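Asks: Let me begin by handing over the structure; questions about it come next.
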Amino acid sequence: MRAGAGSGIVRGLISAIILAAGLQLAARRTGPLPPLGALLDPWSGIWSVALQAELPSRQVRELPGLAQPVEVLYDDRGVPHIFAANSEDAARALGYVVARDRLFQMELRWRTAAGRLSELFGEGALELDRQVRALGLAWSAEQAMATLDPESPVVREIEAYAEGVNAWIAGLSRRQTPLEYHLLGAQPTAWEPLYSLYLLKLMGWDLTYWVTTDLDRLKLAALVGAEASLALAPVNSPIQQPIQPNGSPAARFDLPPLPEPGQPDTAARRLAEELEVAMGSMFGGAGSQERPRLGSNNWAVAPSRTESGFALLAGDPHLKLTLPAIWYEAHLVVPDELDVYGATIPSVPLILIGFNRDVAWSFTNTGADVIDYYEEELDDPQRPSRYLLDGEWRPLDSRVEEYRGSRGRALATDTIYFTHRGPLIRRGDRRLSMRWTVLEGSGEPEALRGASRARTVSEWLKAMEKYQAPAQNGIVADRDGTIAIRSTGRFPIHPDGVGLAVRDGRASASDWMGFWPVERYPFAIDPEQGYLASANQQPIDPKVDSTYLGAHWESPWRAMRINALLAADSAATPEAMRRYQTDPGNARADLFVRYFLAAAKRELATSGSAASDVRQAARLLGDWDRRYTRDNERALLFEYAMEELAERVWDELLEPTDVGATREAAAAESTKSASEPDRVFTPSSAVLASLLHQPESLWWDDRRTVESREDRDAVLVASLAAAYRRALEEHGEPGGGGWRWDVIRHANIYHMLHLEALSALDLSIQGGPGNLNPSYGNGVHGASWRMVVELAPELRAWGIYPGGQSGNPVSPHYSDRLDRWVAGELDPLLFPRSAEDLADASRAAILELFPERRP
């Protein structure tokens, strides 16, 4: 289904039926799917989904637990505006309306975090379930819930939210059950308050588990030695444009020289192999390309640099794209206590990103190092009961995990063990435990609840001091004109000052020494430059504070671009902020194109007509304005050149068996191909930029051309020529339409069950690697919620996410925002102070909720 393609809904239902028919006979049940006869029942089967597509124009319901009536007004974008007398009733109503729109999504999320997908999908999901439970996400959620005060407002609201979800489930008829349950032959499961904490743990997994660089460095050291590995995966970014301003208006290029490849480290290889097994397939491999980047952005502009004289704030978190979308818009109003609008994630009674009447805020991922691994000594590798610490045996905690299939059949049983640090994630010859801040946090609900009620930047920052994980760069602005940013979370203090090694678990001296105090967090408020921005770059310049925070920082191309745009705009407007979110300019291309063209010019000056491919490629690349617009026909050539460049430069990082095979084939092959085997790790493009300043470095030499030694210019020229030939072969002649960026690069937004007819695929977007609207790989990550807020006396806001409010594929609000999201447009966000303030023309439906009448 493409954006705006209404016929895709019908195709989706047909596709779902074909899927079921292909997996089962009409009267037999196979796997997790129901009998096809029941699926096709016109009254209660799959077709009944269409009967629930539209919200009733007016509906009255009793809601158990309500203290007073609640009025819910749906606007013409499907957003519920909830007017309640108290915060518990507001949370209860929010649970009800979110379940109405996103029930299956909510179930899929909690089951993912709990490791209980097998109960829906059968034995095929067992391995994922086992890995998730081994990480301890559900265990840590239970621990967190136990530490919360059951009488606190936040817990009471979590419980009220659960009551609202369950009220919707209790009233469901078979006809009202979401499509996915029909397909799976399942029924909704009652919601528990604990599941809200599952969601927060799941966020932590998504945003921090992949950040650790321990495995990368071990793999690198195994091939090229410790010194080279630290240079290829550096602690500090070689290009500095930090989140906390360092007084420099432009990026600083430190560009330290890369040491030559060293001797392989066999001890590192052994550790790498075991750590990779321990971390599991969820972590993924480095492969021959850089790992997918989430690429979030946020920024704020002080009144002195805006046209209106009011502060502006933009938020743009990039996450995995799905239908329905990860976010759900809502507006909650409780007189004299709460008036907040923004994006919640179905599962929690909290607005995570948004604004109230006085303050607006957004987040990007910090990328701090919040995981350490420890090699433990156990009394019995197979059935351990104790582990050794400081010369004494300590008892292990244990937890028995049982796994069941879609029909309740027992599939497996595991015993998970815990040291004082956390779960034991690997047993056998190597015994590794893990300490991870995500498993220890419990302050997030209270912090986020307080943030939504803040009236000033100072109040917002104070509320967020309780926030622990996943660490985030929170940007905030208020109506007084104050802007601020702070990297917030629990940042471990490592015993050796860094977190780059698997530690000796037998010694308590290996444990963390505590956490950074809040006053040490990277932070800025009302900077002299008049703006602040984060784009997942290193939060603080190491020349300002060299304390170890992490070692996995995004190359700062996006940070460089947004800082340049904001520095050049002394009269920013909301419209400019919107444009910046999909700005096609690219600092990465600005740097590398210059080097490609200079190398080609020198080559052509000496080789003349013999280098026709180089001449044509250089001419085409030189014509490019280095902007990733949808109609441009040169970004393809540049991206191919960058891929070819990485293949040629990082040949030392191929898997060892691949290296040997390559050497044997050296006589037959004089150049590298983009189709060759994976590297163990691909250094960032910022590290590659450092190498550009070492034209004679041994890293430029292609080990497979045994009779010659290449330098920088030779490799740049060869990469550009190979990219040109590849573009011709795969996409035809330039100018024929095949090189257009909108033909090459797309966003792909899949339905949760990967039903293609219910997905939005091949969406052409503006942006590419390193852009503010980054597009990488298969296009399944992207801008999940764009927002711009003007902090005027009467606050104004605009926003959009890809998809729509409803999870029902037949609903007009399933994908109604896609066209505007693709185009980079934002919708005005309606923010009425009272129910009466929402204009009749903007009202789509009214839901009146009343306390349950007693018999």
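The values are calculated or read from the model by the stated rules, or taken from the named source; none is laboratory data. None of the values given here were measured: they were computed from a predicted structure. Every residue, glycine among them, receives a Cβ derived from its backbone with ideal geometry; neighbour counts consider all protein chains shown. The area values use the complete protein model at the heavy-atom level, side chains included, leaving out ligands, DNA and RNA. Shrake-Rupley method; radii C 1.70, N 1.55, O 1.52, S 1.80 Å.
Asks: Specify the residue that is modelled with the highest pLDDT; the eligible residues are those in segment 51-85 that are open to solvent by 50 Å² or more (accessible area, probe 1.4 Å) and under 33 Å from the mean Cα position of the chain (by Cα).
Replies: Per the criteria, the residue is 76.
Asks: Something else now. Inside segment 336-450, counting only strands (runs of 3 or more DSSP E) that do not spill past its ends, which hold 2 or more residues that are under 30 Å from residue 797 (Cα atoms) and at pLDDT 95 or above?
Replies: So the answer is 338-344, 353-355, 359-365.
Asks: Give me the strands (runs of 3 or more DSSP E) completely within segment 773-851, filtered to those with at least 1 residues that are surrounded by fewer than 23 Cβ atoms within 10 Å (Cβ to Cβ) and out of contact with any Leu (no Cβ under 7 Å at 6 or more places or on another chain), ordered by residue number.
Replies: Here the list reads 796-800, 843-851.
Asks: Go through segment 806-855 and give me each residue that's in contact with a His (Cβ under 8 Å, 6 or more places away or on another chain) and aliphatic (A, V, I, L, M).
Replies: Scanning segment 806-855 gives 830, 835, 838.
Asks: Same structure again: Identify, from the list 617, 610, 668, 598, the residue that is open to solvent by 30 Å² or more (accessible area, probe 1.4 Å), more than 31 Å from the chain's Cα centre (by Cα), farther than 30 Å from residue 800 by Cβ and at pLDDT 95 or above.
Replies: 598
Asks: Here's a follow-up. So, in segment 135-166, of the ones that are touching a Leu at 6+ places or on another chain (Cβ under 8 Å) and among the hydroxyl-bearing types (Ser, Thr, Tyr), which residue ends up surrounded by the most Cβ atoms within 10 Å (Cβ to Cβ)?
Replies: 161
Asks: Scan segment 626-637 residue by residue and report those that are over 17 Å from residue 773 (Cβ atoms) and over 26 Å from the mean Cα position of the chain (by Cα).
Replies: Scanning segment 626-637 gives 633, 634, 637.
Asks: Okay, moving on. When you check residue 686 against the structure, is it surrounded by 17 or more Cβ atoms within 10 Å (Cβ to Cβ), among the hydrophobic types (A, V, I, L, M, F, W, C) and either closer than 25 Å to residue 769 by Cα or at pLDDT 80 or above (or both), yes or no?
Replies: yes
Asks: Also: Please find, within segment 735-745, the residue that is farthest from the chain's Cα centre (by Cα) out of those that are surrounded by 17 or more Cβ atoms within 10 Å (Cβ to Cβ), at pLDDT 95 or above and not in a helix (DSSP H, G or I).
Replies: 739
Asks: If the Cβ limit is 8 Å and pairs must be 6+ apart or interchain, which residue in segment 173-201 that is farther than 21 Å from residue 753 by Cβ pairs with which residue that is not in a helix (DSSP H, G or I)?
Replies: Hits for this filter: 173/44; 196/347; 196/348; 196/349; 200/348; 200/441.
Asks: Then there is this: Hand me the list of strands (runs of 3 or more DSSP E) wholly inside segment 470-551 holding 2 or more residues that are open to solvent by 30 Å² or more (accessible area, probe 1.4 Å), at pLDDT 95 or above and of a type in the set (A, V, I, L, M, F, W, C).
Replies: Passing ranges, in order: 523-525.
Asks: In segment 387-409, what count of residues is obtained for those that are surrounded by 15 or more Cβ atoms within 10 Å (Cβ to Cβ) and closer than 12 Å to residue 424 by Cβ?
Replies: 3
Asks: In contact (Cβ under 8 Å) with a residue 24 or more places away in the chain, closer than 22 Å to residue 354 by Cβ and surrounded by fewer than 16 Cβ atoms within 10 Å (Cβ to Cβ): does that describe residue 455?
Replies: The answer is yes for residue 455.
Asks: With the requirement that a residue be assigned to a helix (DSSP H, G or I) and hydrophobic (A, V, I, L, M, F, W, C), what does segment 181-208 give you?
Replies: 183, 184, 194, 197, 199, 200, 202, 203, 205, 207
Asks: Which of the helices (runs of 4 or more DSSP H) found entirely inside segment 209-300 contain at least 1 residues meeting this: surrounded by fewer than 18 Cβ atoms within 10 Å (Cβ to Cβ) and modelled with pLDDT under 80?
Replies: The helices (runs of 4 or more DSSP H) meeting that bar are 266-279.
Asks: Additional query: Is there any pair linking a residue in segment 327-347 that is touching a residue at least 24 places away in the same chain (Cβ under 8 Å) and more than 15 Å from residue 807 (Cβ to Cβ) to one that is among the charged types (D, E, K, R) and open to solvent by 10 Å² or more (accessible area, probe 1.4 Å), with Cβ under 8 Å and at least six apart or on different chains, and which?
Replies: Within 8 Å, the pairs are 332/339; 333/339; 333/833; 337/453; 338/453; 339/357; 339/833; 340/453.
Asks: Any chance segment 122-138 includes a residue that's over 30 Å from residue 419 (Cβ atoms) and touching a residue at least 60 places away in the same chain (Cβ under 8 Å)?
Replies: Looking for residues that are over 30 Å from residue 419 (Cβ atoms) and touching a residue at least 60 places away in the same chain (Cβ under 8 Å), one finds at least one in segment 122-138, hence yes.
Asks: List the number of the failed condition for residue 169; all other conditions in (1) more than 26 Å from residue 446 (Cα to Cα); (2) among the β-branched types (Val, Ile, Thr); (3) open to solvent by less than 10 Å² (accessible area, probe 1.4 Å) hold.
Replies: Of the numbered conditions (1) more than 26 Å from residue 446 (Cα to Cα); (2) among the β-branched types (Val, Ile, Thr); (3) open to solvent by less than 10 Å² (accessible area, probe 1.4 Å), the odd one out for residue 169 is (3).
Asks: What pairs can you find where one residue is in segment 249-262 and over 12 Å from residue 686 (Cβ atoms), the other is open to solvent by 50 Å² or more (accessible area, probe 1.4 Å) and not hydrophobic (A, V, I, L, M, F, W, C), and their Cβ atoms are less than 6 Å apart, with a gap of 6+ or different chains?
Replies: Listed pairs, sorted by first residue: 259/227; 262/227.
Asks: Taking segment 698-723, which residues are at pLDDT below 95 and either touching a Gly at 6+ places or on another chain (Cβ under 9 Å) or among the hydroxyl-bearing types (Ser, Thr, Tyr) (or both)?
Replies: Selection gives 705, 708.
Asks: Would you check if there is a residue in segment 351-360 being open to solvent by less than 10 Å² (accessible area, probe 1.4 Å), β-branched (Val, Ile, Thr) and closer than 28 Å to residue 512 by Cβ?
Replies: No, every residue in segment 351-360 fails to be open to solvent by less than 10 Å² (accessible area, probe 1.4 Å), β-branched (Val, Ile, Thr) and closer than 28 Å to residue 512 by Cβ.
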